[in-house]
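S.K.: First, the structure itself, so that you have it in front of you.
Every read-out reported here was derived from the displayed coordinates using simple, explicitly stated rules and does not represent laboratory data. In this text the structure is predicted, and so the values were computed from the model without any measurement. Here the Cβ is made from the backbone with ideal geometry for all residues, glycine too, and neighbour counts use every protein chain on show.
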Amino acid sequence: MTERLRVAVIGAGRWSRTAHLPGFQRSPLCDLAVVCDLDEDLARHRAAEFGASETETDAERVLDRNDIDVVDIVTRGDHQDLVFATLEAGKHCLVEKPVCHDYRDVWRAHELARSKGLKTKVGLTFRYAPAVMYMFDLIREGFVGQPYVFNGYEQNSQWLDPDNPMDKRIHKVKPVGEAPWGTDSDREEITVSSLEGYGAPTIDIGLKCVGSNLTQVVGILANMVPYRRRTNLDTERERINIDDADMFMAEAANGALFSMQSSYVTVGNYPGIEARIFGSEGAIQTRLVDEHGVIQTIKTATKDAVEFVQREIPPHYFPPGYRPDDAWGTAFYGNLVHDFCREILDGGERNQGDFAQSARVQEVINAVALSHRRRAWVRLPLGDDDMAPIPTSPF
Ligand SMILES: NC(=O)c1ccc[n+]([C@@H]2O[C@H](COP(=O)([O-])OP(=O)(O)OC[C@H]3O[C@@H](n4cnc5c(N)ncnc54)[C@H](O)[C@@H]3O)[C@@H](O)[C@H]2O)c1
């Protein structure tokens, strides 16, 4: 292994530009070697913007190269095939969530990575927000004591407007032959969406806050805005049965209570994440909402001083090259990318936010969807009989 990792980024779209590419450009632990996109002009443009030496349009050719250590998958739609191909090719793998829609496939990917001595990381962006990293350290130091209650929220209004296309990809021709999603208007057939979007990284934060697996969940998925434009090429709205708002509650193995609300049709700015943990000694509230130029805050209280006070986030929680005017995606992802490079270069077992953690999160998502369809509590871990094909969205 070289002292600086050679990285190839597959997918040069919006999120890649805001989050992934600046992270790799700024980390002193890697060189951005290749930007790959089906759109050759876009790949070239991004490579020039972020100082990558080469471009590619075919992901397979990237995976065939033996001078690439890390492959980063930032495409839209299903990531599963590219993830397995990346690991088979012997590359460390960063991928946007979800790795796979079925948690058992995520475990398979995790096992494959381990068998090849590879590290993995998932775009569980918000655990790398400086405020959340600080919260995790306070919890580790005992600030909260025994965890009693976690509340997680994702609330933003990115799809409140029904004319904002449900499928975020910019299509030049109308997609054909893709599995349809949201076309069956039965309550039970609702397509999982918000819960797998920013619900996933919020569940991830919750599991860290309570420090325990969940043992049972009960939840509901809802469709608040039933008629929407499907793609950028559609002029009419159509019925799309999709989870744009959901709630669940759960019990953790250590007795803590856990609740989550995730929705992208609730008024408020992006990303709209809040995490609150209350314990025997103290409580912490972290808010990641881009408001009036502030992207994150952390407030704490103790049992002897119950009024919450805002804390300054110490500078060492910020990523290399951080600038105060960084967009939240750039600021949070800078930590994710740099941490992944360090985990690979350091060797050893350390690998936070990896496929194993993503599999735990995905199992909770699968269980909540099942609870909605059964109208009942669902026990965790799930059994093989619990899993049926899950309608999921491609974005
Ligand atoms: N973690 C987060 O907070 C967060 C935030 C936003 C988006 N995302 C995720 O990031 C991913 C990308 O989102 P986006 O908004 O950048 O999408 P986008 O459509 O803007 O960009 C995706 C790019 O990938 C390219 N692409 C697709 N398949 C490819 C292939 N096989 N080989 C090479 N290039 C390919 C497309 O041409 C496109 O340019 C999605 O999975 C999305 O859910 C995550």
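S.K.: Can you sort Lys91, Lys174 so the residue with the fewest Cβ neighbours within 10 Å comes first?
M.R.: Values: Lys91 23, Lys174 10.
With the fewest neighbours first, Lys91, Lys174 line up as Lys174, Lys91.
S.K.: Any chance you could check the Cα centroid distance between region 298-333 and region 239-292 for me, in angstrom?
M.R.: 18 Å
S.K.: When the distances between all Cα atoms of the chain are binned every 20 Å from zero, what whole-number percent does each bin get?
M.R.: Histogram of Cα-Cα distances, whole percents per bin: 27, 61, 12, 0.
S.K.: May I pose another question? Between Val149 and Arg237, with labels modelled 7 Å along Cα→Cβ, what's the label distance in nm to one decimal, could you check?
M.R.: 3.7 nm
S.K.: Would you work out the relative contact order for the chain, in percent, from Cα pairs under 8 angstrom that are 6 or more residues apart? Could the numbers behind the result be given before it?
M.R.: Numbers: 897 pairs, mean separation 86.1, N = 395.
Result for the chain is 22 percent.
S.K.: I've got another one for you. With a 10 Å radius around each residue's Cβ, average the other Cβ atoms per peptide and rank 21-27, 295-301, highest first.
M.R.: Ranking, from highest mean packing down: 21-27, 295-301.
S.K.: Working out 0.36 nm times the residue gap between Glu111 and Asp78, then minus their Cα-Cα distance, what length gain in nm do you get to one decimal?
M.R.: Here the answer is 9.9 nm.
S.K.: Starting from the 7 Å offset along Cα-to-Cβ, what nm value, one decimal, do you get for the label separation of Leu382 and Leu257?
M.R.: 2.6 nm
S.K.: How big is the Kirkwood radius of region 5-125, worked out from every pair of different alpha carbons and given in Å to one decimal?
M.R.: Final number for the Kirkwood radius of region 5-125 is 14.2 Å.
S.K.: What percent does the relative contact order of region 5-125 come to when contacts are Cα pairs within less than 8 Å and at least six residues apart?
M.R.: It comes to 23 percent, rounded to a whole number.
S.K.: For Met166, Met387, what's the fewest-to-most ordering of other Cβ within 10 Å of each Cβ?
M.R.: In order of increasing Cβ crowding within 10 Å: Met387, Met166.
S.K.: Calculate the length of the line joining the C-alpha centroid of region 96-155 to that of region 1-78, in whole Å.
M.R.: 24 Å
S.K.: Turning to a different aspect of this structure: Which value at 222 nm does the chain reach when only helices count, each DSSP H run of 4 or more adding -39,500 (n - 2.57), with the total divided by all residues and rounded to the nearest 500 deg cm²/dmol?
M.R.: Computed mean residue ellipticity for the chain: -8500 deg cm²/dmol.
S.K.: Taking a threshold of 23 Å on the Cα-Cα distance, which of the pairs Lys97/Lys299; Lys121/Lys208; Lys121/Lys172; Lys116/Lys208 fall above it?
M.R.: Over 23 Å apart, Cα to Cα: Lys97/Lys299; Lys121/Lys172; Lys116/Lys208.
S.K.: Follow-up. Work out the FRET efficiency for Glu141 and Gln216 from their Cβ-Cβ distance, taking R0 = 41 Å, and round it to the nearest 0.05.
M.R.: Step by step, r from the Cβ atoms, then E = 0.85.
S.K.: In what order do Val218, Val149, Val34, Val176 fall by count of nearby beta-carbon atoms within 10 Å, going from fewest to most?
M.R.: Val176, Val149, Val218, Val34
S.K.: Aspartates and glutamates near Lys303 by alpha-carbon distance under 18 Å, same-chain residues fewer than 8 away left out - which ones?
M.R.: Glu141, Glu281
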